[in-house]
């Protein structure tokens, strides 16, 4: 996957400024940066939901700006859990099944075959037997797993995750990171996630893209997570004996 | 007399069916604000229809003009939302325009006919307890179109309401479904406004959906049964109290909301 001098402008404001990076599959990559850094915009541009003002993205040979439909066929997107409307009466099974039912026309019936695929996928993410539960009754970590299952049921080549650790306790964040690493190593799914915090997945040696409108650093954690580099993207970063404070996670 | 009563209750039942079909998706997708303000467009369209019929003697069916105006404004709202405007702002713009139409044409109509304003107000208040065959036909057509379409696409509406961005990423045509939903709500609201009145449609649209979501299971059954109960009981109460049907439906709707709140509090 390659981004070449990608710029995105919203209402005259620069959201991404000549962003360039190149990732070779298989990759486990975290895009980190402060609020308003353009992280979600980058994900949306990769999926073809936002058209770059200039520059080019290439994902497995596809230009998302020209063929967004093709990217959506190979990419699984996991939105922020906080963007989900919990008032809607919907079961876990229905959420996950939509991953496959979206490919067919109405009335999109849950056939026994789809049900069994859903159950298999739920097992894969550690939610076995929870299909009939209303989505809103799940815990934060379980909701995140269900959304990952919805993306996974489409057998994607790449998972694009927007803040998968937000609003979760640290041990749950680590469980989600472990799940993602397992999907990466055992199923060969490439991972590109946006996160404020990378400590839950630091053990898996992700590639890090440090973004604040433009790319300030790109590489392994030991090369990127240095105070002199972090201060460029996080002007308020503070060094303490025990580590570096760069900001506050959502929630 | 018996036949007139039967027609009135048949119309009430059809209206209940229409409300039952659209109320749940309206509440679920947090479009109550849109649905309520849509009624301003219907009112604007109705007043425009009254004016055109008075001045130009066109003899146009007012519900049709009201429905077309509402569909027009809802498509405008949908397009503005699709272009990135927030739903609140897009709705406010539509309401402001529709309300301006209402005020201007009410004023103009009052100058050309002494009965124009009372005709328009009849539409607002839903004062007529008499159901004509035309009313029954309109309500039946609306029910036949709206209810099956809503049920056929309920999964999509529910899914978009649950996670719009996720729905887009799965390849669902969110724009199409938004247009379809807004158009169905417009058509249903226009027909309801011509039968039970604009004001009571305001009240009754959200009640069955809210009740169904509060109860938490058997959503569709609860939405339909509560909608039928509210409107039929409302018609009955109106006859007992000697007020317009809209008054009876309003009293029952408010009672249901208060009952729901009391039940929730313990």
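The values are calculated or read from the model by the stated rules, or taken from the named source; none is laboratory data. Here the structure is a predicted model, which is why all the values come from computation and not from measurement. Methodologically, a virtual Cβ is constructed for each residue, glycine included, from the backbone with ideal geometry; neighbour enumeration extends over all protein chains shown.
Numbers at a glance
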| item | result |
| --- | --- |
| Residues within segment B:138-154 that are surrounded by fewer than 18 Cβ atoms within 10 Å (Cβ to Cβ) and either touching a residue at least 60 places away in the same chain (Cβ under 8 Å) or within 7 Å of chain A (Cβ to nearest Cβ) (or both), tallied | 3 |
| Near pairs, Cβ below 7 angstrom, 6+ apart or cross-chain, from segment A:122-136 (away from every other protein chain (no Cβ under 14 Å)) to any residue that is assigned to a loop (DSSP other than H, G, I, E, B) | A:122/A:128; A:122/A:130; A:122/A:131 |
| Neighbours by Cβ (under 7 Å, 6+ apart or cross-chain): first from segment B:208-219, on the phi < 0 side of the Ramachandran plot; second at pLDDT 85 or above and outside any helix (DSSP H, G or I) | B:213/A:87; B:213/A:89; B:219/A:89 |
| Complete set of residues in segment A:126-149 that are out of contact with any strand residue (DSSP E or B) (no Cβ under 8 Å at 6 or more places or on another chain) and assigned to a helix (DSSP H, G or I) | A:136, A:137, A:140, A:141, A:142, A:143, A:145, A:146, A:149 |
| Filter result for residue A:210 (buried (at least 17 other Cβ atoms within 10 Å of the Cβ), part of a strand (DSSP E or B) and within 14 Å of chain B (Cβ to nearest Cβ)) | no |
| So residue B:161, is it closer than 24 Å to residue B:77 by Cβ, modelled with pLDDT of 90 or more and surrounded by 20 or more Cβ atoms within 10 Å (Cβ to Cβ) | yes |
| Flag if residue A:81 is under 19 Å from the mean Cα position of the chain (by Cα) and modelled with pLDDT of 95 or more | no |
| Qualifying positions in segment B:241-256 - closer than 18 Å to residue B:19 by Cβ and modelled with pLDDT of 85 or more | B:248, B:249, B:250, B:251, B:252, B:253, B:254, B:255, B:256 |
| Filtered residue count, segment B:241-262, keeping only those that are part of a helix (DSSP H, G or I) and touching a helix residue (DSSP H, G or I) at 6+ places or on another chain (Cβ under 8 Å) | 14 |
| Output for segment B:221-243, where each listed residue is surrounded by fewer than 20 Cβ atoms within 10 Å (Cβ to Cβ) and over 30 Å from residue A:89 (Cβ atoms) | B:236, B:237, B:239, B:240, B:241, B:242, B:243 |
| Filter result for residue B:220 (under 22 Å from residue B:11 (Cα atoms) and within 14 Å of chain A (Cβ to nearest Cβ)) | yes |
| Members of segment B:155-170 found to be in a helix (DSSP H, G or I) and either in contact with a strand residue (DSSP E or B) (Cβ under 6 Å, 6 or more places away or on another chain) or at the interface with chain A (Cβ under 9 Å from one of its Cβ atoms) (or both), listed by number | B:155, B:156, B:158, B:159, B:161, B:162, B:164, B:165, B:166, B:167, B:168, B:169 |
| Residue within segment B:188-197 that is crowded, with 18+ Cβ neighbours inside 10 Å, more than 30 Å from residue B:9 (Cα to Cα), more than 14 Å from chain A (Cβ to nearest Cβ) and out of contact with any strand residue (DSSP E or B) (no Cβ under 9 Å at 6 or more places or on another chain) present | no |
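Here's the yes/no breakdown for (1) more than 21 Å from the chain's Cα centre (by Cα); (2) within 14 Å of chain A (Cβ to nearest Cβ); (3) more than 23 Å from residue B:137 (Cβ to Cβ):
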residue	(1), (2), (3)
B:22	no, no, no
B:28	no, yes, yes
B:39	no, no, no
B:71	no, no, no
B:77	no, no, yes
B:84	yes, yes, yes
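Residue by residue, here is whether (1) within 24 Å of residue A:7 (Cα to Cα); (2) modelled with pLDDT under 95; (3) surrounded by fewer than 22 Cβ atoms within 10 Å (Cβ to Cβ); (4) in contact with a helix residue (DSSP H, G or I) (Cβ under 9 Å, 6 or more places away or on another chain) holds:
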| residue | (1), (2), (3), (4) |
| --- | --- |
| A:139 | no, yes, yes, yes |
| A:170 | no, yes, yes, yes |
| A:197 | no, yes, yes, yes |
| A:202 | no, yes, yes, yes |
| A:216 | yes, yes, yes, yes |
| A:226 | no, yes, yes, no |
| A:236 | no, yes, yes, no |
| A:240 | no, yes, yes, no |
